[in-house]
Amino acid sequence: MNDPKVFALINLNIQRRFTSGHALALYENCYRFVRTGSTGWWSLDLFRRLMGVGDSAYYETYKHLNAKIIKPAVAEVNKTSNIIVTPEIRKRGRAVSDIRFKIEENPQLAILDLDDGTGLRNAPVYGRLRELGVSDRLARQWLAEHGEPYVSAKLEYVAGQGNVRNPVGYLTAAMKSDYAVEVPVPTSGRAAQLKVVQALVAARTPTQRDADKRLFLSGMDDGAARQDFERHGWMSALNASAIRAFWEELVSGAFDGVDGEGGV
């Protein structure tokens, strides 16, 4: 299962810099893989849907897709954001069939990970970090890069270690090496797969969550299945198999180690 912590917090200051919706969509779908360094392979059909042009016959031709969507979006992401993305393609015969993006941090714009401090300094976790002795800049950096839940979990971990002589140093190591209390989780059945789906959804930004739902609904023809999804969302039992297939395609390896018994 993909750890939800691989999905980094997307700073609103960065989102506001984009002028192209396609560039923003590319950034959002790439930035959640920043720690793994690659999006993994996406079929062109999935990529077109992620970019919001899945219904356009014009963009079924890779030449048009590359010229009008991929190249401009890549250029804006690399110029505007805190990451640099590099597209790679895979062919089936003479036709392009899949695409992936290599991702690395953009050192010149890494400062964009930090907002002006107003929002982050109001976070309860920020106050706990400062009380522990973490500097203002480091506290804001951790919150911007990892998000409040992750930082809070590491604070709880350090607190549970008893009388630590250097809590800031220990917390820094915990953040860097991802120290955590191992909690056994189910590896089969509906409960295990629901946990995977819940983690994947929780890790997405509000913008991405809306796009994910629209993307999933766009592939549904059955009225009863659509109604059940609209009522129960990703917990829809009627759409269990389709939900699992959707997330497996979107996040490669999401259900590794979880068998298919009981559906999603």
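The values are calculated or read from the model by the stated rules, or taken from the named source; none is laboratory data. A quick note: this is a predicted structure, and the numbers were derived from the prediction, not measured. Glycine gets a Cβ as well: all are built from the backbone with ideal geometry, and neighbour counts include every protein chain shown.
Residues in the stretch 30-49 that are touching a residue at least 40 places away in the same chain (Cβ under 8 Å), buried (at least 19 other Cβ atoms within 10 Å of the Cβ) and out of contact with any strand residue (DSSP E or B) (no Cβ under 7 Å at 6 or more places or on another chain): Arg32, Arg49.
Of all residues in the stretch 52-69, those that are farther than 23 Å from Asp210 by Cα have Cβ atoms under 7 Å from Cβ atoms of residues that are surrounded by 14 or more Cβ atoms within 10 Å (Cβ to Cβ) and basic (Lys, Arg), 6 or more apart or on another chain, in Leu65/Arg48.
Inside the stretch 1-39, residues that are under 19 Å from Trp142 (Cα atoms), assigned to a loop (DSSP other than H, G, I, E, B) and modelled with pLDDT under 80 make up a count of 6. Modelled with pLDDT under 85 and surrounded by 16 or more Cβ atoms within 10 Å (Cβ to Cβ), is that true of Leu155? No; evaluated as a whole, the condition is false for this residue. In the stretch 125-137, of all residues being surrounded by fewer than 20 Cβ atoms within 10 Å (Cβ to Cβ) and without any contact (Cβ under 8 Å) to a residue 24 or more places away in the chain, the one that is nearest to the chain's Cα centre (by Cα) corresponds to Arg137.
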